[in-house]
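Here is the structure we will look at, set down as structure tokens.
The values are calculated or read from the model by the stated rules, or taken from the named source; none is laboratory data. As the structure is a prediction and not an experimental result, all values here were calculated from the model. Cβ sites come from the backbone with ideal geometry, for glycine too, and all protein chains shown count toward neighbours.
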Amino acid sequence: MSDLSTALRDWADRTPAGAPPVAELIAAGHRQRNRRRTLVAGIATLAFAAVAVGVTLGGSGAHKPSTSSADGTAQSPAFELAAAATASEDTSFKFGIKNVLTLPAWQIDHVTTTCSGAVDPLTQNGYVKSNTPISARVVNGHRYMAKDNYWIDRGKGGVSGVLLCGDSKMPAGVAADPTTELKYLQKAGTVTKTANGYAFTGPEVQGTAKVSGGKISELSYTVTHKQTKDYPAYTRQVTMTLSGYGEKVTVSKPM
Amino acid sequence: MIPPNEPTDTSDAGYATFVATGWSRYLWTASVLTGDRQHGEELLQECLVKLYTRWRRVARNGDPHAYLRRMLVNGNVSRWRRWRREQPVAETPDRQDSRSMPMEPHDALQRAVLRLPRQQRAVIVLRYFEDLTERDAAAVLGCSVGALKSTHSRALAKLRAESVLLETYG
């Protein structure tokens with residue numbers, strides 16, 4: 001049956017394969033390999049963030065008071081920004097995201113992902129559409145994920161952590177979930193007030209935020225990640241516009 | 001063909017080379033195993049991601065090609081079982097393409113291969129495309145050599161049953 005071998009190889013040769021997605025596979029592998037590590041680290045990060053926010057809100061004196069609250073107490077820019085971020089994530093809003101990733105080790109050079117969507121944490125409705133094959137809808141807390149040409153019912157789970165911008169298989173932190181991104185503001189290392197809003201700087205992140213009506217209207221920042229044993233060095237530039245606060249978010253079931 | 005026991009680099013670069021050189025070959029294998037080009041690509045990607053998480057160990061201690069072949073066969077069975085539990089729909093409101101992308105057989109033999117039951121198709125691919133011995137193919141499929149011979153025999157009988165095949169390949 002050597003003819004059978006030949007025929008199968010001819011068939012394989014005639015079937016176009018396209019370029020192997022090496023960078024995406026390595027990114028997905030990184031994410032999967034580090035999932036358990038990330039979970040453990042995430043708990044530590046949450047604890048750290050809680051402490052950081054506590055210290056910031058506690059008025060350590062690191063930030064110069066710039067405004068006064070209603071009762072006359074001085075507030076720092078960090079306090080104002082954290083308050084705006086908290087107010088923003090507790091109500092419905094629309095979002096638009098542009099995410100530019102550069103990861104030289106995996107030949108990712110300024111790959112841009114754009115997304116738009118809306119989320120309502122109170123009714124647990126939301127959706128995200130993007131220029132990638134991946135999109136998601138959440139209807140009353142029920143998750144539906146679309147990949148390529150079909151939808152999959154993922155069951156109950158809520159809006160948190162599912163409305164991702166870009167491939168969720170990319171390294172942790174590359175995918176931009178609006179509610180997650182807002183938390184950047186709450187643990188920003190140094191916050192200063194500018195003419196247009198706020199500027200913040202952390203160990204790996206620096207950016208600006210605009211506030212309108214007590215809520216975030218635009219968030220722009222750059223993450224510069226240095227090489228670690230888990231991830232190669234990468235740079236991520238994110239611009240988020242947030243609008244439509246308090247408006248009703250209606251999402252239909254895809255199936 | 002890729003040498004089965006080539007020295008393997010345990011770094012990311014070694015993995016990238018492995019994927020780049022084996023991609024078209026294993027994509028075809030996965031596509032025939034699943035009977036669908038798109039399902040085959042998804043299966044291969046799932047397996048390659050898992051392989052990456054174990055790459056250092058597999059590359060250092062074993063044959064990554066054999067490991068990947070086994071993952072493809074087992075993954076195909078898992079996908080089939082998982083697929084029955086999920087609720088896919090034929091069409092999505094905002095997409096136009098159909099869900100699957102069937103393999104395109106060019107002759108009677110290829111059509112006959114795709115019509116074989118899953119296990120028999122796997123045996124044919126492993127024996128005649130991957131050039132595995134009966135023992136190695138049995139190891140990939142997780143069955144005895146005797147069971148593999150039996151499946152192999154039934155698969156060939158089905159292929160030979162096609163009239164065109166009797167003329168062309170008999």
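Please tell me if B:Asp107 is more than 16 Å from the chain's Cα centre (by Cα), at the interface with chain A (Cβ under 8 Å from one of its Cβ atoms) and modelled with pLDDT of 65 or more.
Taking the combined requirement at face value, the residue satisfies it.
Pairs, please: C-beta under 9 Å, at least 6 apart or cross-chain, first residue within 10 Å of chain A (Cβ to nearest Cβ) and closer than 22 Å to A:Asp13 by Cα and in the stretch B:126-140, second surrounded by fewer than 17 Cβ atoms within 10 Å (Cβ to Cβ) and hydrophobic (A, V, I, L, M, F, W, C)?
Matching pairs, first to second residue: B:Arg127/A:Met1; B:Tyr128/A:Met1; B:Glu130/B:Met1; B:Asp131/B:Met1.
Answer yes or no as to whether A:Lys248 is charged (D, E, K, R) and within 30 Å of A:Thr123 (Cβ to Cβ).
yes
Within the stretch A:112-126, work out how many residues are within 16 Å of the chain's Cα centre (by Cα), at pLDDT 85 or above and among the hydroxyl-bearing types (Ser, Thr, Tyr).
1
Taking the residues in the stretch B:61-92 that are aromatic (Phe, Trp, Tyr) and closer than 19 Å to B:Asp36 by Cα as candidates, determine which candidate is modelled with the lowest pLDDT.
By that ranking, first place goes to B:Trp83.
For the stretch A:218-252, which positions are charged (D, E, K, R) and either crowded, with 17+ Cβ neighbours inside 10 Å or in contact (Cβ under 8 Å) with a residue 12 or more places away in the chain (or both)?
Hits for the stretch A:218-252 are A:Glu218, A:Lys226, A:Asp230, A:Arg236, A:Glu247, A:Lys248.
Restricting to the stretch B:36-62, and then to whatever is within 9 Å of chain A (Cβ to nearest Cβ), farther than 15 Å from A:Pro20 by Cβ and among the polar types (S, T, N, Q), can you tell me which residue is farthest from the chain's Cα centre (by Cα)?
Per the criteria, the residue is B:Thr53.
Kindly check whether there is at least one residue in the stretch B:147-157 that is at pLDDT below 90 and facing another protein chain (nearest Cβ under 8 Å).
yes
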